[in-house]
């Protein structure tokens with residue numbers, strides 16, 4: 001039975017929720033290049049690029065959960081994706097090998113599949129299109145090689161889709177904010193589906209993986225099902241906020257024409273606008289991934305996708321709270 005858990009990269013959005021979930025059942029140690037706003041007493045400051053420092057701070061533990069990653073779209077220089085996501089993973093595994101630690105849970109990404117793939121499952125060929133996806137898959141390859149060097153080692157790779165939740169300021173939040181603002185304009189018919197994952201379910205699946213690891217390599221996509229269409233997402237915002245959203249639809253060709261106009265304006269002025277042809281294409285695209293394996297493994301998500309969205313919308317747009325701190329709710 002795992003009792004000691006080391007989270008690497010636990011000071012951020014997912015890590016904070018994960019530590020809050022685990023701390024009542026495990027002895028948790030957080031390692032991050034930044035201190036934790038919530039758990040400084042269990043946090044050691046260390047960059048995964050520094051193997052010597054990692055060796056100094058990783059003590060006796062049963063399981064390592066590796067969350068640390070460069071994941072933003074505009075990381076510069078791009079070499080950082082590989083220094084952190086690939087070489088950082090290699091450093092963690094080298095330290096684990098030296099200390100005899102045999103169990104690791106690694107958060108990868110559905111970005112390894114690339115764009116516009118037809119609902120890929122874990123066996124679908126990888127085809128990453130950006131440095132983030134490429135670096136994550138290279139890290140997966142290193143993990144696979146490490147496990148094969150010792151049959152008693154356990155590697156669990158979790159590939160979540162875009163994660164949202166309370167106090168996260170990522171792509172889903174920006175979309176929800178736009179819809180909730182009242183200035184939202186649907187482009188296209190709104191029947192395209194988007195895969196999403198609520199942070200409360202993601203951390204529960206990680207906890208489930210701690211309890212159910214086994215020697216070998218396990219790979220899971222993580223998505224909360226069923227996927228919602230854009231129309232259903234707008235309907236959820238209306239329901240959660242008791243707010244009527246415009247039902248007018250802008251034809252796709254007209255939306256793209258307007259977006260190209262903003263592209264030209266951006267080039268002429270040097271300014272970035274909220275509307276662009278790339279964003280309209282992404283908005284209107286269907287982005288789905290198969291998560292049958294995770295949801296048939298015995299894991300039961302504590303929240304439906306609708307409940308996760310409702311909790312997020314209520315927290316972000318209705319409740320008054322301290323914006324500098326996450327308010328953990330009983331889960």
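What are the pairs, 6+ residues apart or on separate chains, where a residue within segment 18-43 that is on the phi < 0 side of the Ramachandran plot and in contact (Cβ under 8 Å) with a residue 60 or more places away in the chain has its Cβ under 6 Å from a residue that is in a loop (DSSP other than H, G, I, E, B) and buried (at least 18 other Cβ atoms within 10 Å of the Cβ)?
Here the result reads none, with nothing in segment 18-43 linked to a residue that is in a loop (DSSP other than H, G, I, E, B) and buried (at least 18 other Cβ atoms within 10 Å of the Cβ).
I'd like the full set of residues that are buried (at least 17 other Cβ atoms within 10 Å of the Cβ), in contact with a strand residue (DSSP E or B) (Cβ under 9 Å, 6 or more places away or on another chain) and part of a loop (DSSP other than H, G, I, E, B), limited to segment 270-296.
288, 289, 290, 291
Collect the residues in segment 35-62 that are under 22 Å from the mean Cα position of the chain (by Cα), surrounded by 16 or more Cβ atoms within 10 Å (Cβ to Cβ) and within 16 Å of residue 18 (Cβ to Cβ), keeping them in residue-number order.
Answer for segment 35-62, where residues must be under 22 Å from the mean Cα position of the chain (by Cα), surrounded by 16 or more Cβ atoms within 10 Å (Cβ to Cβ) and within 16 Å of residue 18 (Cβ to Cβ): 36, 38, 39, 43.
Of all helices (runs of 4 or more DSSP H) completely enclosed by segment 76-188, which ones contain at least 2 residues that are over 30 Å from residue 296 (Cα atoms), in contact with a helix residue (DSSP H, G or I) (Cβ under 7 Å, 6 or more places away or on another chain) and in contact (Cβ under 8 Å) with a residue 40 or more places away in the chain? Spell out how you get there, then give the answer.
Numbers: elements: 79-82, 88-99, 131-148, 171-180.
Passing ranges, in order: 79-82, 88-99, 171-180.
Suppose we filter segment 218-233 for residues that are in contact with a strand residue (DSSP E or B) (Cβ under 6 Å, 6 or more places away or on another chain) and touching a residue at least 40 places away in the same chain (Cβ under 8 Å); how many remain? Reasoning before the result, please.
The first filter runs over segment 218-233 and keeps only residues in contact with a strand residue (DSSP E or B) (Cβ under 6 Å, 6 or more places away or on another chain), leaving 218-224, 227, 229.
Checking which are touching a residue at least 40 places away in the same chain (Cβ under 8 Å) leaves us with 218-224, 227.
Of the residues in that region, 8 qualify.
Looking at (1) touching a strand residue (DSSP E or B) at 6+ places or on another chain (Cβ under 9 Å); (2) at pLDDT below 95, find the lone condition where residue 236 falls short.
(2)
Tally up the residues in segment 117-145 that are in contact with a strand residue (DSSP E or B) (Cβ under 9 Å, 6 or more places away or on another chain) and under 26 Å from residue 76 (Cα atoms), please.
4
Consider residue 215 carefully, then state whether it is within 30 Å of residue 20 (Cβ to Cβ), over 22 Å from the mean Cα position of the chain (by Cα) and in contact (Cβ under 8 Å) with a residue 40 or more places away in the chain. It would help to see each step written out before you state the result.
Working: within 30 Å of residue 20 (Cβ to Cβ): yes; over 22 Å from the mean Cα position of the chain (by Cα): yes; in contact (Cβ under 8 Å) with a residue 40 or more places away in the chain: yes.
Here the answer is yes, as residue 215 does meet what is asked.
Taking the stated definitions as given, is residue 196 within 26 Å of residue 235 (Cβ to Cβ) and crowded, with 17+ Cβ neighbours inside 10 Å? Working first, answer last.
Working: within 26 Å of residue 235 (Cβ to Cβ): yes; crowded, with 17+ Cβ neighbours inside 10 Å: yes.
Spelling it out, residue 196 is indeed within 26 Å of residue 235 (Cβ to Cβ) and crowded, with 17+ Cβ neighbours inside 10 Å.
If you take the residues of segment 10-31 that are farther than 22 Å from residue 312 by Cβ and in contact with a strand residue (DSSP E or B) (Cβ under 6 Å, 6 or more places away or on another chain), which of them is surrounded by the fewest Cβ atoms within 10 Å (Cβ to Cβ)?
Just the residues of segment 10-31 that are farther than 22 Å from residue 312 by Cβ, to begin with: 23-31.
Add one more test, that the residue is in contact with a strand residue (DSSP E or B) (Cβ under 6 Å, 6 or more places away or on another chain), and what stays is 26-31.
Working: 26: 21, 27: 15, 28: 22, 29: 22, 30: 28, 31: 25.
Among them, the one singled out is 27.
The values are calculated or read from the model by the stated rules, or taken from the named source; none is laboratory data. In this text, all values refer to a predicted model and were calculated from it rather than measured experimentally. Glycine gets a Cβ as well: all are built from the backbone with ideal geometry, and neighbour counts include every protein chain shown.
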